[in-house]
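Everything on this sheet refers to the single structure shown next.
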Amino acid sequence: MMVPATVVAGGIVLGMANGAIAASLAVSGSTFKVGASKLEGNGFKQYGGLVKESDGTQHPVAVSEIADAKLYDLCQSVNASIPGVPIVLTINAGGGGNPATATDLLIDMDSLEGDATFEKIKIGRDAGDMNPAQPVVPKSFGQSADKVTITDLEQVARSTSAGVFTLNGLKLKVNVGKDAKECF
């Protein structure tokens, strides 16, 4: 579960380090789902963190950073149902062999599933040494890898940011009633 979180968190951290993303991002309190048939990434880091809602409510998360990523058959869904009316917003991109791409991807996630392969992985790193721009507890657990590949990715996240996020073949749809289905 830590792998997708690390991928996303890494992108956010890089964005903060470069001044592209504000460090005081307040999350909504809701989660969203992201699925992909495959994620390929370079420059992967993962560690624990906290995100905060505007009212001060905190949520522990797995933070994933990925310097550059390709996401094949990307699906993102947000459940926006109101009492008695199922509503799900979906975004699809990166199909037909033309993946969605992201640079400086940072993900704060609750969970991650899939089949992962890491190249040149280092487990048990001091998270405080991995990215000086990201506020983490010194000596807390971290891991990094030169490359990561995750197939059948299913992730529940609280926030995602990127320096550049290109959604090839973007399709956004508001699904209501019986068509209100999430990515997984």
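The values are calculated or read from the model by the stated rules, or taken from the named source; none is laboratory data. In this text the structure is predicted, and so the values were computed from the model without any measurement. Heads up, the Cβs are rebuilt from the backbone with ideal geometry, glycines too, and the neighbour counts pull from every protein chain shown. Ligands, DNA and RNA are stripped out before the accessible areas are found, and what is left, the full protein with its side chains, is counted by its heavy atoms. Shrake-Rupley method; radii C 1.70, N 1.55, O 1.52, S 1.80 Å.
What the table shows:
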read-out	value
From L25, L14, residue being at pLDDT below 90 and open to solvent by 50 Å² or more (accessible area, probe 1.4 Å)	L25
Odd one out for A67 among (1) among the small types (G, A, S); (2) touching a Leu at 6+ places or on another chain (Cβ under 9 Å); (3) within 18 Å of T31 (Cα to Cα)	(3)
Residues satisfying the stated conditions in the stretch 151-184, i.e. in a loop (DSSP other than H, G, I, E, B) and open to solvent by 50 Å² or more (accessible area, probe 1.4 Å)	L167, G169, L170, K181, E182, F184
Filtered residue count, the stretch 54-86, keeping only those that are at positive phi and charged (D, E, K, R)	1
First in the stretch 164-178 and within 11 Å of V88 (Cα to Cα), second anywhere and small (G, A, S), Cβ under 9 Å, 6 or more apart	V174/A80; V174/A180; N175/S77
Candidates E113, E53, filtered to the one that is open to solvent by 20 Å² or more (accessible area, probe 1.4 Å), acidic (D, E) and at pLDDT below 95	E53
Filter pass, G94 being open to solvent by less than 30 Å² (accessible area, probe 1.4 Å) and touching a residue at least 60 places away in the same chain (Cβ under 8 Å)	yes
P138 closer than 19 Å to G43 by Cα, at pLDDT below 95 and outside any helix (DSSP H, G or I)	no
Criterion (more than 17 Å from G49 (Cβ to Cβ), in contact with a helix residue (DSSP H, G or I) (Cβ under 9 Å, 6 or more places away or on another chain) and surrounded by fewer than 22 Cβ atoms within 10 Å (Cβ to Cβ)) met by exactly one of A102, A80, A67	A67
Condition broken by K147, with the remaining ones in (1) part of a strand (DSSP E or B); (2) touching a helix residue (DSSP H, G or I) at 6+ places or on another chain (Cβ under 7 Å) satisfied	(2)
